[in-house]
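*Asks:* Please see the structure below; I have some questions.
Every number in this text was worked out from the coordinates using simple rules, so none of it is lab data. Computed from a predicted structure; not experimentally measured. No Cβ is skipped: glycine too gets one built from the backbone with ideal geometry, and neighbour counts run over all protein chains shown.
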Amino acid sequence: MFLDLKIENVVESVSEWSDFDVASYKAKKDNIAIRLEEYLLNGNNLLDAEKIQQSVFPETEIDVFISHSHNDEDQAIRIALSLEEIGLKPFVDSCVWGYADELLKKIDNKFCIPPGWENYSYALRNRTTTNVHLILNAALQQMIHRSELFVFLGTESSIKIDEYMSDTERLSSPWIFSELMFAQNVKRTERKHLDKYGMGMEDYRILEKAAFDSKHVEFRYLLPQSTYSLDYEQFMKWLSSYSLSDGSDSITRISGLQHVDKLYAELGVDAKLLEAPRFS
């Protein structure tokens with residue numbers, strides 16, 4: 001991960017993406033949930049975070065990781081769709097934790113009712129809950145590590161003002177807390193660098209030209225602070241300022257990453273960190 005960013009003052013706004021578009025994106029998430037369920041409900045499989053990562057999340061390229069509360073899922077998906085349109089590869093975190101409780105219930109029904117019992121074994125349920133949450137959390141952390149930009153949507157649904165500590169922001173989601181803590185402490189990586197030799201020469205010439213021409217019972221967790229923050233209106237202005245390219249998927253993605261560099265510059269990232277070219 002190169003940079004973590006908190007989007008502040010997030011509000012509902014007019015979007016080019018319809019409810020049907022959002023529902024279609026959620027269908028992708030359902031496929032991930034199905035793969036995860038099939039893996040964990042197979043008694044012959046090991047509860048191994050790395051193997052789950054390989055079996056359930058085979059996508060190796062992630063540009064933007066989006067962290068959000070459950071109530072903001074549709075808004076996060078609309079942002080993800082806009083990022084995809086400019087060639088980037090986003091990942092919405094609820095693809096992993098959105099079905100955690102439903103998945104746990106299925107696992108508990110299969111593994112946590114001893115023969116002759118009508119109810120769950122308290123000890124077995126504690127074991128499955130702890131292990132499944134740790135495994136999902138490890139998978140999320142690996143996705144964050146593989147991404148370049150970590151984006152946290154700081155809305156009223158995700159951040160609460162503590163009743164007892166004036167002006168202290170607190171989180172109601174343990175998932176978001178874990179993601180923000182990991183993003184705060186994970187080792188920083190360089191920006192992504194793609195190889196132009198995977199593209200045709202005509203694609204490369206188009207890209208080279210574009211580089212110069214383009215324009216329940218709730219708990220509370222103290223909010224870990226992001227390295228950078230940006231107002232939602234400014235973020236959406238940056239996102240909508242991208243000029244769509246006519247090249248291949250490879251060109252579109254590199255152009256999208258170059259557009260991300262404009263966001264980094266706007267945030268005040270040290271210019272020396274942005275000197276390396278996006279392709280060679």
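*Asks:* Using per-residue counts of other Cβ atoms within 10 Å, averaged over each peptide, order 131-143, 12-24, 64-76 from highest down.
*Replies:* Going by the mean number of other Cβ atoms within 10 Å, highest first, we get 64-76, 131-143, 12-24.
*Asks:* Something else: Search the structure for amide H atoms under 5 Å from the amide H of SER67, placed 1.01 Å from N in the peptide plane, and list their residues when 5 or more places away or on another chain.
*Replies:* VAL151, PHE152, LEU153
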